[in-house]
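Notes for the one structure printed next.
The values are calculated or read from the model by the stated rules, or taken from the named source; none is laboratory data. Since we're looking at a predicted model, the values are computed, not measured. Virtual Cβ from ideal backbone geometry, glycine too; neighbours counted across all protein chains shown.
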Amino acid sequence: MIFNDIREFIDFLEDKKDLVRIKTEVDPILEVTEITDRVSKKGGPALLFEKVKGSKIPIAINLFGSYQRMAWALGLEDFNEIGQKFSSLLKTDPNMKFMQKIEALFDLYKLSTSSPKEVKKAPCQEIVKDRDFSLFDYPILKTWPNDGGRFITLPMVITKDPESGKQNLGMYRMQVYDERSTGMHWHTHHDGAVNFRKTAKLGRRMEIAVAIGGDPITIFSATAPLPYNIEELFFAGYLRGKAVEVVKAKTVDILVPARAEIILEGYVEAGEERIEGPFGDHTGYYSVAAPFPVFHVTCITHRKDPVYPATIVGKPPMEDCYMGKATERMFLPLIKMQFPEIVDMNLPLEGVFHNCALISIRKSFPMHASKIINAVWGLGQMMFTKFVFIFDEEVNVQNTSEAAWKAFNNVDPARDIIISEGPLDVLDHSAPRPIYGAKMGIDATKKWPEEGYQREWPDEIHMSEEIKKLVDKRWKEYGLE
């Protein structure tokens, strides 16, 4: 089922008995976080806080906080269908050359069905506030005790490339400074920051719109690591199988999702920065305070009865983990297009998606693992991966216990470890300087004589099939059930 907006998804989850309405008044300052964190850590349901202190607007949270809810959000019944669906949509011939595959990928986004559909009237503009408004009218969360303030945590920040006119949707947290301004926490490699730098070079003020809420696929698309020239609204339409409806914003030249709950319109000025943070981040640590651009809100539009979707991040597992795993499953087929020897990949939740990758390959030549390690560091946002482990194809990398056993037994530190230096995620606090540091590749495959291994590699222990069948047949006789 494809949902038109977040409230349809909320109703669906309630019908599935996977959403709980909380009618007791709660405080958006820390209390909502503690409740949600406890529920999230237990694999609990989505939550709708109907009575929020200081606001008339309910908070919807943990909507994507399980494998099942993430699958439903993408219009699927089973989380395992994500990679299968995306792989089947690619429809590429394995014998195609690399550039042909890339061209085929770009052709997907030329489909007329994926192009956003502009409408004249939209639910997100039922109420227009261009003079008397305050961001503090909305139930914006303070999530952790040492946070620098309240943060909008599930925004779709919409910017425009001043040269091509293409729009970008990115999800960047926004610290609320006062009634009409926030921080704009885009990292230097984010597309929003690229558009900002381009606009600043032209000496222009950059117009921005921020959509809060919308259909689940469009929200997910704002988090997807797409190439710079692929628009997220097209990608969302492609995944939905039908166009995302958009409407012209009231005061800025930007198209916004028509069925969003709340739209913030405004601008960022080149050269104006303010200290943003600290913020309790998805790494489980506070990211440090630093200067970021200031977003000035000049107009707010919203539905007559808006719902405020939010999320919290912190020590995994939390809601963002399931969104990240969906991205992993969805984009694995694209990685396999370039490197067909890759069998599977697991970005463990504990690695918060930029610290660790477990990859199995069909090893076919000496030092094959080294090729894949270096290739991974050249793949878009995979360049931030601090630890890359490579395993033989029979290893189930989704089973982290099995992967750890293989790595701890198969690796000789002097022979099988590659240390490299390069870009690191902005949130990585371990390196001696920001956004740059050391990374490690670990070859945990079985070693070949051509790789300098001159001993006999031992066989793994396996019981004979004859005895296994015998024990299966006699199991009840043993009185163990």
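Considering each residue of the range 418-461, count those that are more than 16 Å from Ile390 (Cβ to Cβ) and of a type outside the set (Lys, Arg), and give that number.
Adding up the residues that qualify gives 27.
Look at the range 212-228 and say how many of its residues are in a loop (DSSP other than H, G, I, E, B), closer than 21 Å to His302 by Cβ and out of contact with any strand residue (DSSP E or B) (no Cβ under 7 Å at 6 or more places or on another chain).
Matching residues across the range 212-228 total 1.
I'm checking my understanding of the structure. Among residues of the range 431-448 that are free of Cβ contacts under 8 Å to residues at least 12 places away in the same chain and surrounded by 14 or more Cβ atoms within 10 Å (Cβ to Cβ), which one is farthest from Val397 (Cα to Cα)?
Checked the range 431-448; the qualifying residue farthest from Val397 (Cα to Cα) is Pro434.
Kindly list the number of the only condition in (1) out of contact with any Asp or Glu (no Cβ under 7 Å at 6 or more places or on another chain); (2) exposed (fewer than 14 other Cβ atoms within 10 Å of the Cβ) that fails for Ser364.
(1)
Spot the failing condition for Ile359; the list is (1) crowded, with 22+ Cβ neighbours inside 10 Å; (2) outside any strand (DSSP E or B); (3) at negative phi, and only one is missed.
(2)
For the range 1-39, how many residues meet the condition of being assigned to a helix (DSSP H, G or I) and crowded, with 16+ Cβ neighbours inside 10 Å?
Summing the residues that are assigned to a helix (DSSP H, G or I) and crowded, with 16+ Cβ neighbours inside 10 Å in the range 1-39 gives 13.
For the range 152-199, give me the residue count where each residue is surrounded by fewer than 22 Cβ atoms within 10 Å (Cβ to Cβ), touching an Asp or Glu at 6+ places or on another chain (Cβ under 9 Å) and among the aliphatic types (A, V, I, L, M).
Within the range 152-199, residues that are surrounded by fewer than 22 Cβ atoms within 10 Å (Cβ to Cβ), touching an Asp or Glu at 6+ places or on another chain (Cβ under 9 Å) and among the aliphatic types (A, V, I, L, M) number 1.
Kindly indicate whether Gly237 is among the small types (Gly, Ala, Ser), more than 25 Å from the chain's Cα centre (by Cα), at pLDDT below 95 and in the same structural domain as Asp161 (by TED's automatic domain parsing).
no
Kindly list the number of the only condition in (1) farther than 16 Å from Ile152 by Cα; (2) touching a strand residue (DSSP E or B) at 6+ places or on another chain (Cβ under 6 Å); (3) of a type outside the set (S, T, N, Q) that fails for Met367.
Unmet condition: (2).
Can you tell me which of Pro333, Pro316 is outside the structural domain of Trp186 (by TED's automatic domain parsing) and touching a His at 6+ places or on another chain (Cβ under 9 Å)?
Pro316
For Gly284, are the conditions met, namely being of a type in the set (Gly, Ala, Ser) and either within 19 Å of Ile212 (Cβ to Cβ) or part of a strand (DSSP E or B) (or both)?
The answer is no for Gly284.
Out of curiosity, is Asp130 farther than 27 Å from Ile275 by Cβ, assigned by TED's automatic domain parsing to the domain that holds Val246 and at pLDDT 90 or above?
yes
Test each condition in (1) aliphatic (A, V, I, L, M); (2) surrounded by 15 or more Cβ atoms within 10 Å (Cβ to Cβ); (3) at pLDDT 95 or above for Ile419 and report the one that comes out false.
All conditions are met except number (2).
Mind telling me which of the residues Pro309, Pro316 ends up being part of a loop (DSSP other than H, G, I, E, B) and closer than 25 Å to Leu63 by Cα?
Pro316
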